[in-house]
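The values are calculated or read from the model by the stated rules, or taken from the named source; none is laboratory data. Everything numeric here is computed off the predicted structure, so don't read it as measured data. Cβ sites come from the backbone with ideal geometry, for glycine too, and all protein chains shown count toward neighbours.
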Amino acid sequence: MHLTVLMPVCNAEKHLAQAVESVLAQSHADLRLLVVENGSRDRSPAILADYARRDRRVSVHAFPERLGVGGAGQAAIELAETEWVLRLDADDVMLPDCIDVQLEVLRRLPGVRAIIGRAEHITGRGGTLGLSTNPAMTPAECRQRTLTGELLASIHSGTLLHRPTVIAVGGYRSKFSVLGEDTDLLARLVEAGHDVTSHERPIVQYRLHSGSVTAAAGQRRFLHAEWVSACLKARLSHQIEPTFDNCLDAWRQLPWLERIRRRRGWTAATLYRQAATLRGEGSWLDAGLRLVLATLLDPAGLLPRVQRNMSLIGLRRPHHEDGRAVSGDEWH
């Protein structure tokens, strides 16, 4: 099957070559890499131009104005010509059999229109941290979760999408151009009656580093997640979707104890992510301090997460899925 890998790029020179190489080295070679270059001011355009000269599978489309991640993703969807597309962020890495794994799931479930995979977390330097904890869900489970107002957790890199169906439901929406564009799209696919599924096979490496969009967003990403969730619940209730300002107003009207409780959880989750990032960058003391603060702020929420993801913050060596400990050479 011929498909297109979609990669939005903006100021991604540090990790861009590794991301591109991971696409070109796929065991499934019948692909095209379509890049939307979104006003980079670093060496990203030069790096991409070099790859486009050397490999005819690479095409680069420049948009000088800033579209945001979601806007760039929508531009890529519209430019692609294949029936199936696969998303990859410019700081992430596709494992060599990423596409083959996704196509195997598609062969088993030919009716699905989006397939979410699992990710290995890696450091800014590329060292392995551990696996994501996103659950595997059947199409029925994804449908049940969405139709009760719950968003589908996903690391969007590696997600396989049926392009005509994505276009039919409106694609990535501009109001979520910075954060939440992926969960919003998945929710609308399910609402429209299309099957979405997720599995536990690792297919990409998701990079935790201080320069990522998610890291830069800080606690703003939780407010945007609440906005996406509020929009989903409004649609399910046949009501008009709230604006982001509407969500902020609703937030301000919550009892102050509830606001404190939520803020505490958001701060703890942000500190936990920072701890994993700093551990990967070699700042063990700062990582440890953030982990302690996160656990003190939200012990009930963080302790189970720490137990599941101890390798992310360096408390134990990560393991392969068959139970073998990752070797010293593999664990940087």
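Here are some notes:
- When residues in the stretch 111-140 are screened for being more than 18 Å from SER229 (Cβ to Cβ) and at pLDDT 85 or above, 13 of them pass.
- In this entry, GLN274 passes the filter for residues that are under 19 Å from the mean Cα position of the chain (by Cα) and not assigned by TED's automatic domain parsing to the domain that holds ARG188.
- Tabulated pairs, the stretch 78-101, first in the same structural domain as GLU13 (by TED's automatic domain parsing) and part of a strand (DSSP E or B), second surrounded by fewer than 16 Cβ atoms within 10 Å (Cβ to Cβ) and of a type in the set (Phe, Trp, Tyr), C-beta under 8 angstrom, 6+ apart or interchain: none
- Residues being part of a helix (DSSP H, G or I), over 15 Å from the mean Cα position of the chain (by Cα) and of a type in the set (Val, Ile, Thr) - total across the stretch 165-198: 4
- Residue in the stretch 203-220 that is over 29 Å from ARG125 (Cα atoms), among the aliphatic types (A, V, I, L, M) and modelled with pLDDT of 90 or more present: no
- Matching entry among LEU147, LEU189, LEU151 (being closer than 23 Å to MET94 by Cβ and in contact with a helix residue (DSSP H, G or I) (Cβ under 8 Å, 6 or more places away or on another chain)): LEU189
- Here ILE155 passes the criteria (1) under 17 Å from the mean Cα position of the chain (by Cα); (2) modelled with pLDDT of 95 or more except the one numbered (2).
- Residue in the stretch 46-53 that is in a loop (DSSP other than H, G, I, E, B), at negative phi and in the same structural domain as GLU104 (by TED's automatic domain parsing) present: no
- Any hit, the stretch 128-136, residues being outside any helix (DSSP H, G or I), over 30 Å from SER283 (Cα atoms) and hydroxyl-bearing (Ser, Thr, Tyr): no
- Residue list for the stretch 278-317, restricted to those being modelled with pLDDT of 60 or more and part of a loop (DSSP other than H, G, I, E, B): GLU281, GLY282, SER283, ASP298
- In the set (1) more than 22 Å from TYR206 (Cα to Cα); (2) within 23 Å of the chain's Cα centre (by Cα), the condition left unmet by ILE99 is number (1).
- Applying the condition of being without any contact (Cβ under 8 Å) to a residue 60 or more places away in the chain and over 19 Å from the mean Cα position of the chain (by Cα) to the stretch 22-34 and asking which residue is nearest to PRO64 (Cα to Cα) yields ARG32.
- Residue pairs whose Cβ atoms lie under 9 Å apart, separated by 6 or more positions or on different chains, with the first residue in the stretch 35-52 and of a type in the set (Ser, Thr, Tyr) and the second part of a loop (DSSP other than H, G, I, E, B), are SER40/CYS10; SER40/ASN11; SER40/ALA12; SER44/CYS10; SER44/ASN11; SER44/ALA12; SER44/ALA90.
- Listed by first and then second residue, the pairs linking a residue in the stretch 218-237 that is touching a residue at least 40 places away in the same chain (Cβ under 8 Å) and closer than 13 Å to GLY180 by Cα to a residue that is buried (at least 18 other Cβ atoms within 10 Å of the Cβ) and among the charged types (D, E, K, R), with Cβ atoms under 6 Å apart and 6 or more places separating them unless they lie on different chains, are VAL228/ASP184.
- Among the residues of the stretch 1-42, just one is assigned to a strand (DSSP E or B) and of a type in the set (Lys, Arg), namely ARG32.
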